[in-house]
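Structure first, then comments.
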Amino acid sequence: MQHILTDETEETLVLTLSVARIPFLDFNQKIKLLKNLDNPQSLALQSIEDIYKLLQCQKVSKAYWNGSDNLRMAKAEAFQCKRLGIKILLYDNPLYPEALKQIADPPFLLFVRGNENLLSGRCLSVVGTRRLSTAGREAAKSFAYDAVMDGCNVVSGLAYGADACAHQGALNAYYDHASSAEVARTIAVLPCAIDEIVPYQNKRLAAQILQSGGCLVSEYAPGTPTQKRNFVARNRIVAGMSEATVVIEAPNGSGALITADFALEEGRDVFFHQVAFGAAAESISQTVKSGLEKDFAAGRVSKFKLENCPERFLKEGAPVIKDYKDFCVALTEMPGMRSTGPIQGELFTEI
């Protein structure tokens with residue numbers, strides 16, 4: 001099934017969506033189950049015990065399954081995808097991002113609005129805090145602008161702050177040089193159903209991304225309710241789609257640092273823009289840290305969130321870059337050359 005699923009037969013489409021909807025199966029189990037079924041009706045007739053028997057594994061406690069409800073919802077999703085022109089990429093589709101296939105928990109399906117061909121191109125993830133300084137806004141826009149002009153698609157999460165600025169910088173490059181074949185585009189990874197926009201206030205920005213030839217991506221089918229855990233899950237996709245992630249600004253506890261952690265866990269490069277350590281960013285960081293300390297004292301946040309900060313990444317060897325041009329230089333440098341940590345910089349010294 002190496003095509004866009006909306007071009008498949010109705011039965012194949014509904015079967016794949018039915019399997020994708022099963023919450024108690026992981027990526028590999030869904031692949032195995034899909035290969036063992038011929039049609040969606042056969043899945044609907046299976047009990048939860050039958051499903052686990054097909055997979056030759058033990059049942060997960062408290063797993064819930066209603067085959068007929070699952071089939072009904074999958075049919076509704078298929079109808080909406082076809083009605084709205086939403087493309088569906090199965091994991092084995094040639095357009096499914098190769099880098100994303102390599103992560104520990106890749107999406108079984110990707111739902112796409114816009115130009116799906118971008119997903120197989122060069123991608124660079126740009127992230128940061130929602131509480132961005134003025135200098136950070138300019139840095140995010142400028143970095144994304146230059147990356148797109150260099151033919152690199154900018155990936156971000158359509159959130160307030162750094163994400164929105166990165167998308168806008170990429171759009172500015174398109175508007176300034178729309179006639180150039182070298183100009184890349186921007187890709188927004190959503191934490192919600194593909195037929196919604198979260199946050200709603202960025203709906204106009206999302207429309208501009210589509211109008212410019214960019215695309216919106218989600219692992220959630222039309223009509224899927226947005227849950228809190230979706231935002232962290234979205235971050236793994238943002239990090240997983242690129243070989244490198246650039247953090248613009250990120251105070252203690254920022255979600256951008258979770259994205260950076262995901263990138264490092266998958267063996268990808270993580271860079272910090274120097275604006276993250278400027279006076280304006282430091283002022284915002286101190287305000288955020290003060291609030292986190294109060295929340296930690298009240299038991300509302302973990303100690304890890306309180307202590308998770310950009311300096312931790314620097315100590316572990318993350319390079320600091322000035323702009324996109326400097327980022328390209330840093331990519332060619334030996335590991336540890338820009339490190340401020342006590343260990344990384346010593347690994348490659350001459351004996």
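The values are calculated or read from the model by the stated rules, or taken from the named source; none is laboratory data. Nothing here was measured: the structure is a model prediction, and the numbers come from that model. Here the Cβ positions follow ideal geometry from the backbone for every residue, glycine too, while neighbour counts run over all protein chains shown. Just the protein is used for accessible areas: all its heavy atoms, side chains included, with ligands, DNA and RNA removed. Shrake-Rupley method; radii C 1.70, N 1.55, O 1.52, S 1.80 Å.
Among the protein heavy atoms of the range 1-146, carbon and sulfur supply 48% of the accessible surface, probe 1.4 Å, non-protein parts ignored. Measuring between alpha carbons in the structure, the pairs from K32/K59; K228/K294; K30/K53; K101/K315; K32/K53 lying more than 19 angstrom apart are K228/K294; K101/K315. The alpha carbon convex hull volume per residue for the range 88-130 rounds to 109 Å³. Using 0.36 nm per residue and subtracting the Cα-Cα separation, the extra length available between R229 and T287 on full extension is 18.3 nm. When DSSP beta bridges are restricted to pairs lying wholly in the chain, around 35% turn out antiparallel. Of the residues S68, S133, ranked by 1.4 Å probe accessible area with the largest first, the sequence reads S68, S133.
Looking at the chain, which longest stretch skips every one of the GluC sites (Glu not before Pro) that is in a DSSP loop with at most 11 other Cβ atoms within 10 Å, leaving the sites themselves out? Formally, the longest exposed-site-free interval is 1-181. Scaled to the globular estimate 2.2 N^0.38 Å, the Cα spread of the range 1-102, given as radius of gyration, is 1.08. Under 20 Å of direct C-alpha separation, and excluding same-chain neighbours fewer than eight residues apart, K322 reaches these lysines: K141. Rounded to the nearest angstrom and listed largest first, the equivalent-ellipsoid semi-axes of the chain from its Cα gyration tensor are 37, 24, 20. For the range 167-228, the alpha carbon convex hull comes to 84 Å³ per residue, rounded to a whole number. As a calculated quantity, the FRET efficiency between E265 and K322 at R0 = 35 Å, using C-beta atoms, amounts to about 0.85. Cβ under 12 Å from A74's Cβ, A74 left aside: what net charge do those residues give with Lys, Arg +1 and Asp, Glu -1? In short, -1. Candidate cross-link partners of K75 among the lysines, defined by an alpha-carbon separation under 16 Å and a same-chain spacing of 8 or more, comprise K87.
Per residue, the solvent-accessible area of the chain (1.4 Å probe, heavy atoms of protein chains only, all protein chains present) comes to 47 Å².
Sorting the segments 86-96, 230-240 by their residues' average number of neighbouring beta-carbon atoms within 10 angstrom, most packed first, yields 230-240, 86-96. The stretch between R300 and K82, if pulled fully straight at 0.36 nm per residue, gains 74.2 nm over its current Cα-Cα span. Rolling a 1.4 Å probe across all protein chains gives Y220 an accessible area of roughly 40 Å².
The slack between R204 and E11, meaning 0.36 nm per residue of separation minus the straight C-alpha distance, is 66.0 nm.
For the range 141-202, count all C-alpha to C-alpha pairs, find those more than 18 Å apart, and express that count as a whole percent of the total.
Tail of the P(r) past 18 Å holds 33 percent of the pairs.
All other residues whose Cβ lies under 13 angstrom from that of Y175 are scored, Lys and Arg at +1 and Asp and Glu at -1, for a net of +1. Coordinate range of the alpha-carbon atoms in the range 59-172 per principal axis, descending: 53, 31, 30 Å. When M241, M149 are compared by accessible surface with a 1.4 Å probe, the order from highest to lowest is M149, M241.
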